[in-house]
Amino acid sequence: MASFPTRRLFLKSAAMAGTAIGLNALSYSRVYGANRRLRIASIGTGGKGWSDLNGVAASPAVDVVALCDIDSSVKHLGQAAQRYGAARKYADWRKLLDESNDIDGVLVSTPDFMHAPISMAAMHLGKHVFCQKPLTHTVHEARQMQTAAAKFDLTTQMCNQIQSHSAYRTAVHWVHGGKIGKVKEVHSWQGGQPSWPRNIIRPQGSDPVPAHVRWDLWQGVAPERPFKLDMYHAFNWRGWQAYGTGQLGDFGCHILDPVFKSLKLTSPTKLTVQAPALLPDSWTDRSTVHYEFPGTKYTLDSTLMVTWYDAAGVLPPREKLGDIPASYDLPSAGSVLVGEKGSLVIPHVAMPRLFPEEKFPTDELPVIEGVDHYTQWADACLGNGKTTSHFDYAGPLTETVLLGTIGIRFPDQELIWDAPSLKITNHAEAQKWITKPYRKGWEPSWV
Ligand SMILES: NC(=O)c1ccc[n+]([C@@H]2O[C@H](COP(=O)([O-])OP(=O)(O)OC[C@H]3O[C@@H](n4cnc5c(N)ncnc54)[C@H](O)[C@@H]3O)[C@@H](O)[C@H]2O)c1
């Protein structure tokens, strides 16, 4: 196998750091003028990557220059190669980045554990980044992504695309407009039943690697393991600690997003998780996370409790939800913001509802239109407007979600979080999970 050119990339990046800093989004637009186009590469073209690619390429100013996927079959690289016939094709993202002089921006739609290694390498080369949620696999990586985007002055967007949907934008608008007054507490949940494996022992043995899959490249920075058919690639990696972030990681950056946006939350100061004992390799099938945040101008008190629940069929306790009548069926996933003047339900994904209904006549409520989360990034890269899930926002949101996944390892133990120093100050064992070991030769380049 070819050796990993992280070091080569890193050395090149060090040399290019000046270029990255000198040629930021603003100066690019000055260099290229108003007619410039955005040349993109897509890494991870199957699964969600297919819609990410088509979503960004829907901008008439975008050219798809390169495609990369470790799986050459039709569902993965194949269909993208067919639609974007002129684009160069790669199996290895490191080679793509080595040949990326004509690329302005990169879409990273791989499984969670590869978001940061690929995005960091791209940002070191001065590329704008559109990255899937959760932004990263560890808290340390999230802070690194936020720091790199700021340092290199790049246009970034995390793909928690519901943020741009009319439903979430309307909910945020109502809170900012004072509809429910100051917020007293928040309950967020995902009660759906995932189809991917959780709470199971890692299978023994190995299966033959299909000819169209580059298993070594798929494993990237993760510990080396034998290939097992349909166990990890594709989609099912979510339930495994080495690759995914479980149900909280899968949905937290969506469902907690309008909570963060509307209340202008940043970092929690403490959290306590209730969850069953975690098996060595897979994620749990249930957790409840009690976060305490510093209050903001939208909260009633100087602190705010946000409680997250995930388990199949789970809903938050109704008695804690304020003015919601028993006749209203809560959605299977969403949030309730309990305010001084009423309760706001933000379903995932449907228009928000205000209770008690008689206080909020529907025809008097403003509805905010949606915007395109994908082309918003392309436009912003070209100097038109700004992204709303840039890494300065998505970093702290992802850190919060991933702190919850650390808490799952230490049930019923309060963790005290000092965001500026990136430290769980009262728990040395939990602190170790802020980062993780990387496969030798695949260590990411940090800033
Ligand atoms: N925003 C959303 O609504 C949403 C929905 C689904 C998934 N996601 C996110 O999208 C990401 C991908 O999830 P998915 O369900 O599509 O997974 P998937 O496994 O189905 O697809 C990932 C794609 O990336 C390819 N890939 C894997 N490793 C790669 C590598 N190192 N280099 C290049 N290509 C690689 C795979 O072959 C596959 O085509 C995850 O981060 C997930 O959380 C977001």
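The values are calculated or read from the model by the stated rules, or taken from the named source; none is laboratory data. Given the structure is predicted, the values throughout are model-derived calculations rather than measurements. As a convention, Cβ positions derive from the backbone with ideal geometry for all residues, glycine included, and neighbour counts pool all protein chains shown. Keep in mind that these areas ignore ligands, DNA and RNA; they rest on the heavy atoms of the full protein, side chains included. Shrake-Rupley method; radii C 1.70, N 1.55, O 1.52, S 1.80 Å.
Please compute the length gained on full extension between R318 and K151, using 0.36 nm multiplied by the number of residues separating them and subtracting their Cα-Cα distance.
55.6 nm
Ignoring ligands, DNA and RNA, what accessible area per residue does the stretch 345-447 give at 1.4 Å, in Å²?
47
Given a Förster distance of 60 Å, report the FRET efficiency between N101 and T272 from their Cβ-Cβ distance, rounded to the nearest 0.05.
Step by step, r from the Cβ atoms, then E = 0.75.
For the stretch 113-224, which whole-number percentage of the solvent-accessible area (1.4 Å probe, protein heavy atoms only) is attributable to carbon and sulfur atoms?
Here it works out to 49 percent.
To the nearest 10 degrees, how steep is helix 139-151 against the longest Cα principal axis of the chain, on a 0 to 90 scale?
70
Rolling a 1.4 angstrom probe over the protein heavy atoms, how many square angstrom per residue are accessible across the stretch 114-194?
Accessible surface, normalised per residue, equals 22 Å².
Could you tell me how far the Cα centroid of the stretch 139-187 sits from the Cα centroid of the stretch 409-447, in Å?
Comparing the Cα centres of the stretch 409-447 and the stretch 139-187, I get a distance of 23 Å.
Within the stretch 278-403, what whole-number % of the accessible surface is contributed by carbon and sulfur, with the 1.4 Å probe and all protein chains included in the calculation?
Numbers: 2730 of 5390 Å².
Whole-percent figure for carbon plus sulfur exposure: 51.
Give me P(r) over the chain, computed from all C-alpha to C-alpha distances, binned every 20 Å, as integer percentages.
It works out to 26, 57, 17, 0, in whole percents.
For A428 and Q79, FRET efficiency with R0 = 56 Å and r from the beta-carbon atoms, rounded to 0.05?
Efficiency, rounded to the nearest 0.05: 0.70.
Report, in listed order, any pair from K89/K151; K261/K320; K386/K436; K320/K359; K182/K359 with a Cα-Cα distance greater than 26 Å.
Those over the limit are K89/K151; K386/K436.
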